Amino acid sequence: MTSHPAGHRPRPRLPVWSLPAVWTVLLGLWGLTRRHSVWRDEAATWLVAQRPAGQIWHTLQHVDAVHGVYYLWMHGLFVCFGPGITTLRLPSVLAVAAAAACVTVIGQRLRGVRTGLVAGLALPLLPAVQFQLQDGRSYALVAAGAAVSTLLLVTLGQGRGGAGRWAAYAGVVLVTGLLHWLSLLVLPAHAVTLLWTRAGRGAWARWAGASACAAAGVLPLVLYSRAQAGQVAWIPPLTWHMMIGPAVLLAVGGLAALADRPRAGRLSVAAVGLPLLAVPQLGLIALSFIQPVFLDRYIAFSQLGPALLIGAALDAAARAAAPRFPRAVSWLVPVALAAAVAALLPQSLAVRSPGSRVDDVLAVSDHVRGLHRDGDAVLFVPAFRRDTALVSPGAFTGLRDIALVRGPAESGTLGGEEADPAVIRALTLAERRVLLVTDASTPAGSAATARDGAKLAVLREHFTVVADERVRGRRVTVYERHSAADPRIS
């Protein structure tokens, strides 16, 4: 037993994972509000999560069933802490911090402290992760779930734990799958790890049982949400240029894996990190041949793999340099971190700007406030662009939403239920001034539905544009009715 002089007890040392966790939180809090901007997907979270639980359930029967568990989670947070941008995004910050902590522990157990520390510090700096770090959607939470399940797999692979931890593994995969069922692509990644490490029959049987239980629990959500597949009909079919990024990432990841000297039959960083990187990417590509779903945010959790491989590569460089430059090795991690921060600073600033997302729901509301007069009518193309009015109702005070029949909450939709095209046309013709809120990228006269076509057609035929402003992906156009003497009036 080691004795210590009185009054000189050793100070407790903080766990290695605490540093990446704190680092991630600091990165996440930096520019969290994005200058008070909210993009359309976050607006969906904001609006649906504020509905009563019964209305959320009603909504999920029509749209966004795949995000149902996440909406209910955010509903609970809004009830406890109130709706706001910080409440909207802070869960993602904390989720990535948890993922960074898990990655650190994985790297530490498989290769050493330096590997784990670098992997944990690198994770929140990766461009795809920086995007999700401050996004009010479920993908950061999914990454945290994938990290926890991977840590449990590594723990079990090292012979630590038994049936209880396999049950925990199944539970984590299940909850993560309910947050977004494409996270189940982590299972084939883990299967490759087991294959690589030549796991025994017992390990395979326990993994298969846990995975089957988790997948069976998620299957009803998969089947139900497939009926709402029209929501992702806008995703373009897979093309060769879309696969350039994944191909480069896989190539770099493969080279980084060589730093761990991967050998079959050994649980290593390469055996864990490379499948996490490659399998979800390849799996999503394969699914996209059935139905286009190739969006990198759907598999943001695959970035756990590059983080681990970066940790192994830097550790290998440090070990190679140690014999010749023993003093310089201690500076390798802070210097590499500073260089990475400096190199990624333009990207870090860009992702924290309002222009980093598809559009800004809040920005256009200021223009609406300045352009409209009391008694004006307003139309939205498509109906989902009504989110601007729902998030910023004060800016639309005095405007009449003439196409709306039933509100989004009442109808269980995101954009509300609108009147028939003929009714919309007749109502619009009865107005003197109409504001049209749409996407800045929408070509003139383009419409995806008959209702939207009726709106654009009557405005084009019987109204004149008197103001047209675009801001951060949204557009507000003011139309005034032609005079009675105008020969264009039929």
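The values are calculated or read from the model by the stated rules, or taken from the named source; none is laboratory data. Source: prediction; values computed, not measured. Cβ: placed from backbone, ideal geometry, glycine included. Neighbour counts: every protein chain shown. Heads up: the accessible areas ignore ligands, DNA and RNA and are worked out on the full protein's heavy atoms, side chains in. Shrake-Rupley method; radii C 1.70, N 1.55, O 1.52, S 1.80 Å.
Here are the numbers for this structure:
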read-out	value
Matching residues in region 238-279 - criterion: being surrounded by 22 or more Cβ atoms within 10 Å (Cβ to Cβ), modelled with pLDDT under 80 and either not acidic (Asp, Glu) or not in a loop (DSSP other than H, G, I, E, B) (or both)	Gly253, Ala256, Ala257, Ala259
Residue in region 378-399 that is surrounded by the fewest Cβ atoms within 10 Å (Cβ to Cβ), counting only those that are aliphatic (A, V, I, L, M) and free of Cβ contacts under 8 Å to residues at least 40 places away in the same chain	Ala395
Selection from region 462-483 of residues that are free of Cβ contacts under 8 Å to residues at least 40 places away in the same chain and within 20 Å of Gly375 (Cα to Cα)	His462, Phe463, Thr464, Val465, Val466, Asp468, His482, Ser483
Residues of region 400-426 classified as at pLDDT 95 or above, in contact with a strand residue (DSSP E or B) (Cβ under 6 Å, 6 or more places away or on another chain) and either closer than 17 Å to Tyr479 by Cβ or assigned to a helix (DSSP H, G or I) (or both), total	4
Residue pairs meeting the criteria (Cβ under 9 Å; at least 6 apart or on separate chains; first open to solvent by 60 Å² or more (accessible area, probe 1.4 Å), in region 213-237; second in a helix (DSSP H, G or I) and modelled with pLDDT under 90)	Pro236/Met242
Which listed residue is among the charged types (D, E, K, R), touching a residue at least 24 places away in the same chain (Cβ under 8 Å) and open to solvent by less than 10 Å² (accessible area, probe 1.4 Å), from Asp420, Asp360, Asp366, Asp374	Asp360
Residue selected from region 80-96 under the condition without any contact (Cβ under 8 Å) to a residue 24 or more places away in the chain and more than 11 Å from Trp46 (Cβ to Cβ), by the criterion most open to solvent (accessible area, probe 1.4 Å)	Phe81
Selection status of Ala147, of a type in the set (A, V, I, L, M, F, W, C) and open to solvent by less than 10 Å² (accessible area, probe 1.4 Å)	yes
Any hit, region 329-351, residues being closer than 23 Å to Arg470 by Cα, modelled with pLDDT of 90 or more and touching a Lys or Arg at 6+ places or on another chain (Cβ under 8 Å)	no
Hey, Leu194 aliphatic (A, V, I, L, M) and more than 18 Å from Ile299 (Cα to Cα) or not	yes
Hits in region 200-215 - residues which are in contact with a Leu (Cβ under 9 Å, 6 or more places away or on another chain) and not hydroxyl-bearing (Ser, Thr, Tyr)	Ala203, Trp204, Arg206, Trp207, Cys213, Ala214, Ala215
Residue satisfying condition, being in contact with an Asp or Glu (Cβ under 9 Å, 6 or more places away or on another chain), at pLDDT 95 or above and small (Gly, Ala, Ser), within set Gly136, Gly209, Gly177, Gly217	Gly136
Scope region 98-117; condition assigned to a helix (DSSP H, G or I) and open to solvent by 10 Å² or more (accessible area, probe 1.4 Å); matching residues	Ala98, Ala101, Cys102, Val105, Gln108, Arg109, Leu110, Val113, Arg114, Leu117
Filtered residue count, region 468-490, keeping only those that are over 23 Å from Val358 (Cβ atoms), surrounded by fewer than 19 Cβ atoms within 10 Å (Cβ to Cβ) and either among the acidic types (Asp, Glu) or modelled with pLDDT of 95 or more (or both)	2
Qualifying residue in region 158-166 (condition: open to solvent by less than 30 Å² (accessible area, probe 1.4 Å) and either closer than 23 Å to Ser353 by Cα or out of contact with any Cys (no Cβ under 9 Å at 6 or more places or on another chain) (or both))	yes
